[in-house]
2 protein chains.
Amino acid sequence: MGRKQVWEQGEVLASAMRLFRRRGYLGASLRDLEEATGMHPGSLYRAFSSKEGLFSAALDDYNERVVEGRVRAHLRDAEDPVAGIRSFFTSAFDTGGGPEPDPGCLLTNTAVESFSVPHVAPGVRRGLETIESGFADALTRAQAQRLLPEELDVEKSAAQLLALYQGLLVLVRSGTDAAKLHTITDGALALIRARNATAKQADEEEQR
Amino acid sequence: MGRKQVWEQGEVLASAMRLFRRRGYLGASLRDLEEATGMHPGSLYRAFSSKEGLFSAALDDYNERVVEGRVRAHLRDAEDPVAGIRSFFTSAFDTGGGPEPDPGCLLTNTAVESFSVPHVAPGVRRGLETIESGFADALTRAQAQRLLPEELDVEKSAAQLLALYQGLLVLVRSGTDAAKLHTITDGALALIRARNATAKQADEEEQR
DNA sequence: GTAGTTTGTGAGCGATCGTTCAACTACAAG
DNA sequence: CTTGTAGTTGAACGATCGCTCACAAACTAC
């Protein structure tokens, strides 16, 4: 009983997410969000309690749909895991020449802005772990296919790939040209072929 | 003639910079900045014209003092350039156990927030180039000292190190533990020892 | 129909935002 | 001293912020 809800959660979260990705948490005002979602303040607050609640829901949605989707497509389901890692990187800036510049990664942006949105730190962590474990999965499968040496430390390499990827996203935001972004993508492949990515040799480095 | 200025530009910019690093451009209000700098709104606007003017001055100061200082200490003046690269990375999160958590890198934060502060993009670019050319300098010197193979493509490796470094700073902000941050630092050294960082092999990768 | 319940609407709240400006103070020159 | 100038002060402006709430609308159960 009662009136029917006229808006769809998926659509509202998608448009809120788009705004947060572009402008950040502080940069997206409630008036902006009202215009983007087509909802009025009363309904927004009835559904999400606060601006931070809406942001948190948008971040969860980002993790579930965008991050997991991309990780599955490029890393977990890729036939060639190494090529998948490459395409995972390039897909972050090769947006197919669409009209919109780049929405930015909500995880990267939120991690940096986290002082202003303290409650969402766990959500950011979860998203980053999804990416990292996706890298680890691809690396393990690459080893099984003899595309990468067995000595490669999968865990460490995955962490390094995650960092390189986050750095790539920062540089995308700073307006770095495509050639350099491709160079950085090459770096991902350089990383996982490096000899000293093993635990043993990392220890040797430690003694410097 | 006229009254003497009672505040020092260096001190004011330093405290404004600290606040901007922690909270970002939008997160630092004028009231916060007044408290941090000890200045009153009239004087602030007399000196810097606007909040963005103050931010821009703080960013320039950050580039000149903090970025250039660290690049010189760890990369340009280091006896062992490879060890310098390592310490450049670790110094981003090994803050010596000081009381303050981490102020964040103004370049990283601003790059991500750039939609809200459009006029400072060139300043961010300049700072990032300072770091990148610092890496290039260290790599070149390392080659001269036979610490790294001649086949290493210095330009490309410098770009990749910059990306990895920016990613490290993102992960620092997300609360990543020190062990993983050290692993990422190991990644920097893995990168510059990789065989396929040369131009020739990068081209081979391109064909995937 | 009426009663009960859920959702949508939007005016408007108090707080805070970045910014301005007229009054005031401290100095140098004559 | 007076006059002119550069610097400081802080009250207060209009705009916008996140958010509330009384009311209207749409639905079910009876």
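The values are calculated or read from the model by the stated rules, or taken from the named source; none is laboratory data. Nothing here was measured: the structure is a model prediction, and the numbers come from that model. Cβ coordinates were reconstructed from backbone atoms using ideal geometry, including for glycine residues, and neighbour counts include every protein chain displayed. To get the accessible areas, we keep the full protein, side chains included, count just its heavy atoms, and leave off ligands, DNA and RNA. Shrake-Rupley method; radii C 1.70, N 1.55, O 1.52, S 1.80 Å.
A quick yes/no check of all residues on (1) open to solvent by less than 40 Å² (accessible area, probe 1.4 Å); (2) modelled with pLDDT under 95; (3) over 19 Å from B:C105 (Cβ atoms); (4) facing chain A (nearest Cβ under 9 Å):
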| position | (1), (2), (3), (4) |
| --- | --- |
| B:Y165 | yes, no, no, yes |
| B:T176 | yes, no, no, yes |
| B:T185 | yes, no, no, yes |
| B:A188 | yes, no, no, yes |
| B:A197 | yes, yes, yes, yes |
| B:K200 | no, yes, yes, no |
| B:D203 | no, yes, yes, no |
| B:R208 | no, yes, yes, yes |
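Restricting attention to region A:20-29, the residues being more than 8 Å from DNA strand D (Cβ to nearest atom), without any contact (Cβ under 8 Å) to a residue 40 or more places away in the chain and not charged (D, E, K, R) number 1.
For every residue, the table says whether it meets (1) acidic (D, E); (2) more than 8 Å from DNA strand C (Cβ to nearest atom); (3) open to solvent by 50 Å² or more (accessible area, probe 1.4 Å); (4) farther than 19 Å from B:V124 by Cβ.
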site: B:L13; (1), (2), (3), (4): no, yes, no, no
site: B:A16; (1), (2), (3), (4): no, yes, no, no
site: B:R21; (1), (2), (3), (4): no, yes, no, no
site: B:L30; (1), (2), (3), (4): no, no, no, yes
site: B:A36; (1), (2), (3), (4): no, yes, no, yes
site: B:H40; (1), (2), (3), (4): no, no, yes, yes
site: B:R46; (1), (2), (3), (4): no, no, yes, yes
site: B:S50; (1), (2), (3), (4): no, no, no, no
site: B:G53; (1), (2), (3), (4): no, no, no, no
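Residues checked against (1) surrounded by 15 or more Cβ atoms within 10 Å (Cβ to Cβ); (2) closer than 22 Å to B:C105 by Cα:
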{"site": "A:F88", "(1), (2)": "yes, no"}
{"site": "A:T108", "(1), (2)": "yes, yes"}
{"site": "A:E113", "(1), (2)": "yes, yes"}
{"site": "A:P118", "(1), (2)": "no, yes"}
{"site": "A:P122", "(1), (2)": "no, yes"}
{"site": "A:I131", "(1), (2)": "yes, no"}
{"site": "A:G134", "(1), (2)": "yes, no"}
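Taking region B:6-19 as the range and being at pLDDT 95 or above and either within 14 Å of chain A (Cβ to nearest Cβ) or within 11 Å of DNA strand D (Cβ to nearest atom) (or both) as the test, the residues that pass are B:W7, B:E8, B:Q9, B:V12, B:R18, B:L19.
Applying the criterion of being in contact (Cβ under 8 Å) with a residue 12 or more places away in the chain and near DNA strand D (Cβ under 9 Å from one of its atoms) to the residues of region A:30-48, the residue that is nearest to the other protein chains (Cβ to nearest Cβ) is A:D32. Considering region A:55-83, and only residues there that are over 18 Å from the mean Cα position of the chain (by Cα) and open to solvent by 50 Å² or more (accessible area, probe 1.4 Å), the residue that is nearest to A:A158 (Cα to Cα) turns out to be A:D80.
Looking at region B:137-157, which of the residues that are part of a loop (DSSP other than H, G, I, E, B) and closer than 22 Å to A:A179 by Cβ is farthest from the chain's Cα centre (by Cα)? Here the answer is B:E151. Would you check if there is a residue in region A:66-75 being more than 25 Å from A:A111 (Cα to Cα) and at pLDDT 95 or above? For region A:66-75, residues more than 25 Å from A:A111 (Cα to Cα) and at pLDDT 95 or above: absent. Selection of region B:109-147 for residues being touching a Lys or Arg at 6+ places or on another chain (Cβ under 8 Å) and either more than 13 Å from every other protein chain (Cβ to nearest Cβ) or over 14 Å from A:G175 (Cβ atoms) (or both) yields B:N109, B:S116, B:G134, B:D137, B:A138.
Among the helices (runs of 4 or more DSSP H) confined wholly to region B:58-132, which include 2 or more residues that are touching a His at 6+ places or on another chain (Cβ under 7 Å)?
On the way: elements: B:68-71, B:81-90, B:106-113.
It comes to B:81-90.
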